[in-house]
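The values are calculated or read from the model by the stated rules, or taken from the named source; none is laboratory data. All values reported here derive from a predicted model rather than from experimental measurement. Neighbour counts are summed over all protein chains in view; Cβ atoms, including those assigned to glycine, are modelled from backbone coordinates with ideal geometry. The protein model used for the area step is the full one, side chains on, heavy atoms only, and it has no ligands, DNA or RNA in it. Shrake-Rupley method; radii C 1.70, N 1.55, O 1.52, S 1.80 Å.
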Amino acid sequence: MYDLVIRNGNIIDGTGAPAFISDLAITADKIVAVGAEIGPGREEIDARGMLVTPGFVDLHTHYDGQAIWSTRINPSSSHGVTTVLLGNCGVGFAPCRPEDRDLLCATMEGVEDIPGVVMQEGLTWEWETFPEYLDALDSRPRDIDIATLIPHSPLRVYVMGERGANREPATDEDLAKMADIIREGMRAGALGFGTSRTPVDRRSDGELVPSFAAGERELVAAGLAVQDAGGGIFQMISELGMDDSMVDDEFELLRNVADKTGLPLTFTLLQAKKEPDRWLRMFELSKEVNKTSAGSIHPQFFPRPVGMLASFDLTSNPFVDCPTYKSLAHLPLAQRIIELRKPEIRAQIIAEEPDDNLLPLTMLTRRFDWMYPLGKTPNYEPEPETCITAQAERLGKKPEEIAYDLLLENDGKAMLLVAIANYGRQTLDFMHELFESDCAIVGLGDGGAHYGLICDSSYPTFMLAHWTRDRQGKRLSLPEAVKHMSSKPAHLIGLHDRGVLAAGYKADINIIDYDNLELHAPIITRDLPGGGRRLDQTAKGYHMTIVSGQIIAKEDKPTGVLAGKLIRGSKRPATETSAA
């Protein structure tokens, strides 16, 4: 007898093959049979009329801290994700000596918008080395599986001290020590190496991150150490998206790292607002490299606009640096909204210019031509005419007036979407070329980061509901969308034991009420250590999510089962299956 049998499900197996109606049997943590005439199970689920898919894999998250202080890896686990990869962008918490903890927290606070007080309250710091950090992760129960990269910035500071923090060039001795630690970390279970070379990534004090100036010599040395220990993924966020003049030099660096190390390399690919066709050049260069390189390059893209949310109840909004608003910012939200509704206060704030020391973040929230109402049913591919600037022109008002009044809705909890990237032509049509390629990969959910700015880890629900069902215009097929979120990312990072519904694969499975699948609007919760605030986003339609054969969520609610584990090293599917 099988432990669990799923009956009559519409199987989307993760390979891109057409859907088919079938039963599926699980014993322990493995799928042991898919087909007709499967025998009885100790527990049986009738999935008639529902999709049965592999669990989804998000290979770009920042749950490095949340995996220490929480048993739930949400929002990701609320959207069918059963495996996440930490350590991206070269930021993390290991290796780390006690005297460097504040520096690593300042780096994470600046780059990933995780409040310092949350880390002070939530991080337990019973580790120094990277293997000790893995042991700390391994000792904690959680709902879904996690894996991690070795982050470059902590490594640099651990080996080089202040020189590393100040981005000084690494000596031969430094490189040798870093390589030893990378090999040690890979053998302890890391899946690869993550780094950042973008000037956008800064510590909370405004300084560039330790890894920013690391050149080809240091990056190749790191990649060779990964290869020495058996291979893995090399993840980078670079300057490619910043300026057209940088593309050739920066892409040559990516090419050389991939070729000299023989590793698969993934980098963040965005459609820039100012140069909306630049992404295509980087995409074409990636495909050319993959024809001849010893390694490979995989542009990683986010399947909806990359941006931020603006609200009177979040980190930023268009008026956050206006003098009158600043004088009210200390008030609790309800009291602040009472003041903001007063006509004289409204007129004063709308007429004011922000302070001269405007932060880049605030500048973005005043790009009214990039700004759209998110709505109670969130719309991530809004019509051009709903843009705040377009509304203002149509109504003969100032954009500030439109934005201000929209933000007052829902008792001041309304949100505006600021589409910073991936919406340069006010459509997502360009993504079809990426979806149809072998080398591009879906990711960038950023779960565990940017708590007061975004909630992008909900993208799997958006992929299913929008890209395959609700979108006006060309859509994806269900098998295509599921493959992009299951076997394709899993296999890129060396996890060949999951992402496919077939005998011998890990029993990570979603049962989805597709017809009624719905993505809810983001909400604000205060469940972080120290009472910290974060954005959360839930969905309707996940009938069940199964991890390692155990039901961790049912009818969109966690069951309390904590079946997730730390993944140590790359994985292959089981070659033998259990009989009933």
**Request:** Restricting attention to the range 143-173, report how many residues are among the small types (G, A, S) and closer than 30 Å to M544 by Cβ.
**Result:** 1
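Can you list the helices (runs of 4 or more DSSP H) found entirely within the range 374-417 that contain at least 3 residues being under 17 Å from L333 (Cβ atoms)?
399-407, 409-412
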**Request:** Mind telling me which of the residues E401, E383, E436, E393 ends up being in contact with a strand residue (DSSP E or B) (Cβ under 9 Å, 6 or more places away or on another chain) and of a type in the set (D, E, K, R)?
**Result:** E383
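Tally up the residues in the range 58-81 that are part of a loop (DSSP other than H, G, I, E, B) and either in contact with a helix residue (DSSP H, G or I) (Cβ under 7 Å, 6 or more places away or on another chain) or closer than 23 Å to T268 by Cα (or both), please.
The total comes to 11.
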**Request:** Find the residue count for the range 348-364, including only residues that are modelled with pLDDT of 95 or more and open to solvent by 60 Å² or more (accessible area, probe 1.4 Å).
**Result:** 2
**Item:** First in the range 115-127 and free of Cβ contacts under 8 Å to residues at least 12 places away in the same chain, second anywhere and surrounded by 14 or more Cβ atoms within 10 Å (Cβ to Cβ) and in a helix (DSSP H, G or I), Cβ under 7 Å, 6 or more apart
**Value:** E126/A136
**Message:** Exactly one condition in (1) under 30 Å from P303 (Cα atoms); (2) open to solvent by less than 70 Å² (accessible area, probe 1.4 Å) is false for A329; which is it?
**Reply:** (1)
**Residues of the range 80-122 classified as within 25 Å of M160 (Cβ to Cβ), open to solvent by less than 10 Å² (accessible area, probe 1.4 Å) and touching a Phe, Trp or Tyr at 6+ places or on another chain (Cβ under 7 Å), total** = 7
**Request:** Taking only the range 384-409 into account, find how many residues are open to solvent by 60 Å² or more (accessible area, probe 1.4 Å) and in contact (Cβ under 8 Å) with a residue 24 or more places away in the chain.
**Result:** 1
**Request:** Name the one entry in G504, G499, G452, G447 that is surrounded by fewer than 18 Cβ atoms within 10 Å (Cβ to Cβ) and either of a type outside the set (K, R) or not in a strand (DSSP E or B) (or both).
**Result:** G504
**Prompt:** Quick check: is even one residue across the range 192-215 buried (at least 16 other Cβ atoms within 10 Å of the Cβ), under 23 Å from the mean Cα position of the chain (by Cα), more than 20 Å from T107 (Cα to Cα) and at pLDDT 95 or above?
**Reply:** yes
**Request:** Name the single residue, out of those in the range 188-202 being in contact (Cβ under 8 Å) with a residue 60 or more places away in the chain and among the charged types (D, E, K, R), that is farthest from D497 (Cα to Cα).
**Result:** R202
**Message:** I need the full set of residues from the range 21-57 which are crowded, with 20+ Cβ neighbours inside 10 Å and assigned to a loop (DSSP other than H, G, I, E, B), in order please.
**Reply:** A47, M50, G55
**Message:** Restricting to the range 230-239, count the residues that are open to solvent by 30 Å² or more (accessible area, probe 1.4 Å) and either at pLDDT 95 or above or among the hydrophobic types (A, V, I, L, M, F, W, C) (or both).
**Reply:** 2
